[in-house]
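First up is the structure itself, then whatever we jot down about it.
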């Protein structure tokens, strides 16, 4: 589906009952009301939203009911009546959908979450529910790309050197998407079932918010995932 204020990523998943939405900069996603408005406009029940308070943690939860959740950066559900949600502005929105069963989730993966193991925790939570990681389709949505994600000497040792490009003068570029893909496969997901989008939220200033570009005044994009 093409819309001026959001994109429908549902076609990336083999589960025909799933709906995956990502808002553009043009959509006012501020606060709880913005998130509910996006849900209503895209055919979800806004009263069914799972809404995590994101803290760049590695905390992953399977909530049993809708509502706010503190200190959490990934939410999963096996209830087709619930809708997962996250917000991002450069960090990776990672969509997980089981190909057959009603198990799905959304993870906010910034560089801190990535190096601290949020994708490993996602895998553990799924396996604890008795589901095989090989049955999941995964989409890594629009996020800051290697062209624009630069770090300095103070944090470079936290990253796998295989995904670092040295620029000189103590500056480095990191390919977060390839690092995420590597971690997902290393933890048991299948590489052929993972799609990585290459749109850069920093570069595409007319289309996406970017914290690195605009700082604290940056807005947020909203990701939604649930059954239609």
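The values are calculated or read from the model by the stated rules, or taken from the named source; none is laboratory data. Fair warning: this is a prediction, and the values are worked out from it, not measured in the lab. Glycine gets a Cβ as well: all are built from the backbone with ideal geometry, and neighbour counts include every protein chain shown.
Of all residues in segment 19-58, which are within 22 Å of residue 113 (Cα to Cα), in contact with a strand residue (DSSP E or B) (Cβ under 7 Å, 6 or more places away or on another chain) and either modelled with pLDDT under 95 or part of a loop (DSSP other than H, G, I, E, B) (or both)?
Listed by number, the residues that qualify are 53, 54.
Quick one: would you say residue 107 is touching a helix residue (DSSP H, G or I) at 6+ places or on another chain (Cβ under 7 Å), closer than 29 Å to residue 217 by Cα and in a helix (DSSP H, G or I)? Outline the logic, then answer.
Details: touching a helix residue (DSSP H, G or I) at 6+ places or on another chain (Cβ under 7 Å): yes; closer than 29 Å to residue 217 by Cα: yes; in a helix (DSSP H, G or I): no.
For residue 107, the condition - touching a helix residue (DSSP H, G or I) at 6+ places or on another chain (Cβ under 7 Å), closer than 29 Å to residue 217 by Cα and in a helix (DSSP H, G or I) - is not met.
Output the number of residues of segment 140-181 satisfying the condition of being closer than 27 Å to residue 25 by Cβ, in contact (Cβ under 8 Å) with a residue 40 or more places away in the chain and surrounded by 18 or more Cβ atoms within 10 Å (Cβ to Cβ).
Result for segment 140-181: 13.
Mind listing whichever residues of segment 152-210 are at positive phi and modelled with pLDDT of 95 or more?
Keep residues of segment 152-210 that are at positive phi, which gives 168-170, 188.
188, the sole residue that qualifies.
Given the structure, is residue 216 part of a helix (DSSP H, G or I), modelled with pLDDT under 95 and more than 18 Å from the chain's Cα centre (by Cα)?
Values: part of a helix (DSSP H, G or I): yes; modelled with pLDDT under 95: yes; more than 18 Å from the chain's Cα centre (by Cα): yes.
Answer is yes for this residue.
Taking segment 1-15 as the region of interest, how many residues are part of a loop (DSSP other than H, G, I, E, B) and modelled with pLDDT under 95? Spell out how you get there, then give the answer.
Step one: of segment 1-15, the residues part of a loop (DSSP other than H, G, I, E, B) are 1, 3-5, 9, 13-15.
Of the ones still in play, those that are also modelled with pLDDT under 95 are 1, 3-4.
The number of residues fulfilling the criteria is 3.
Residue-wise test of (1) farther than 30 Å from residue 167 by Cα; (2) assigned to a strand (DSSP E or B); (3) in contact with a helix residue (DSSP H, G or I) (Cβ under 8 Å, 6 or more places away or on another chain).
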{"site": "79", "(1), (2), (3)": "yes, no, no"}
{"site": "94", "(1), (2), (3)": "no, yes, yes"}
{"site": "101", "(1), (2), (3)": "yes, no, yes"}
{"site": "119", "(1), (2), (3)": "no, no, yes"}
{"site": "131", "(1), (2), (3)": "yes, no, no"}
{"site": "145", "(1), (2), (3)": "no, no, yes"}
{"site": "148", "(1), (2), (3)": "no, no, yes"}
